[in-house]
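The values are calculated or read from the model by the stated rules, or taken from the named source; none is laboratory data. Just so we're clear, the structure is a prediction, and the values are computed from it rather than from any experiment. All Cβ positions, even for glycine, are placed from backbone atoms using ideal geometry, and neighbour counts span all protein chains on display.
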Amino acid sequence: MELTKHATERMQQRGIPPLIMSACIDYGNLRHAGRGATIYYLDKRAKRRLEREWGRSVTRRLSKFLDGPYVIVGSDGAIITTGKRFKRIRTA
């Protein structure tokens, strides 16, 4: 996936590795955010899926990165931004 300049800056500022962004998109839940954008995020169930796939030892080593990451992907498929959530993402 293509990253916007903004996403690259936020990824560096917030210390989110590309591997974690990929994990959000591949294993995370999604929610439509309006204007064609989609939010991908890791919740407890997504982390369990990730642990089954990658193994417990790997997810334990990456645990500091797996606490609340999210990725917003635009309608064109480019990653707009990334960050860590501090509040629950409400589902409709």
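Scanning the stretch 69-92 for residues that are within 13 Å of Asn29 (Cβ to Cβ) and at pLDDT below 90, we see that the one that is surrounded by the fewest Cβ atoms within 10 Å (Cβ to Cβ) is Ala92.
Restricting attention to the stretch 13-35, the residues that are out of contact with any Leu (no Cβ under 9 Å at 6 or more places or on another chain) and surrounded by 12 or more Cβ atoms within 10 Å (Cβ to Cβ) total 7.
Inspect the stretch 36-47 for any residue being of a type in the set (D, E, K, R) and surrounded by 16 or more Cβ atoms within 10 Å (Cβ to Cβ) and give the result as yes or no. For the stretch 36-47, residues of a type in the set (D, E, K, R) and surrounded by 16 or more Cβ atoms within 10 Å (Cβ to Cβ): present.
Among the residues of the stretch 55-68, those that are at negative phi and either surrounded by 14 or more Cβ atoms within 10 Å (Cβ to Cβ) or in contact (Cβ under 8 Å) with a residue 40 or more places away in the chain (or both) comprise Thr59, Leu62, Phe65, Leu66. Looking at Ala46, Ala37, Ala78, just one residue is of a type in the set (A, V, I, L, M) and without any contact (Cβ under 8 Å) to a residue 40 or more places away in the chain, and that residue is Ala46. Regarding the stretch 51-58, can at least one residue be identified that is aromatic (Phe, Trp, Tyr) and in contact with a strand residue (DSSP E or B) (Cβ under 7 Å, 6 or more places away or on another chain)? No, there is no match, as no residue in the stretch 51-58 is aromatic (Phe, Trp, Tyr) and in contact with a strand residue (DSSP E or B) (Cβ under 7 Å, 6 or more places away or on another chain). Applying the set (1) within 15 Å of Arg14 (Cα to Cα); (2) part of a loop (DSSP other than H, G, I, E, B) to Lys87 leaves exactly one unmet item: (1).
Checking the condition modelled with pLDDT under 95, of a type in the set (A, V, I, L, M, F, W, C) and in contact with a strand residue (DSSP E or B) (Cβ under 9 Å, 6 or more places away or on another chain), which residue from Leu66, Leu62, Leu30 passes? The unique qualifying residue is Leu30. Tallying residues that are among the polar types (S, T, N, Q) and either part of a loop (DSSP other than H, G, I, E, B) or under 12 Å from the mean Cα position of the chain (by Cα) (or both) within the stretch 1-48 yields 4.
Do we find that Thr82 is under 25 Å from Thr4 (Cα atoms), touching a Phe, Trp or Tyr at 6+ places or on another chain (Cβ under 9 Å), polar (S, T, N, Q) and outside any loop (DSSP other than H, G, I, E, B) in this structure? Considered against the rule, which asks whether it is under 25 Å from Thr4 (Cα atoms), touching a Phe, Trp or Tyr at 6+ places or on another chain (Cβ under 9 Å), polar (S, T, N, Q) and outside any loop (DSSP other than H, G, I, E, B), Thr82 comes out as yes.
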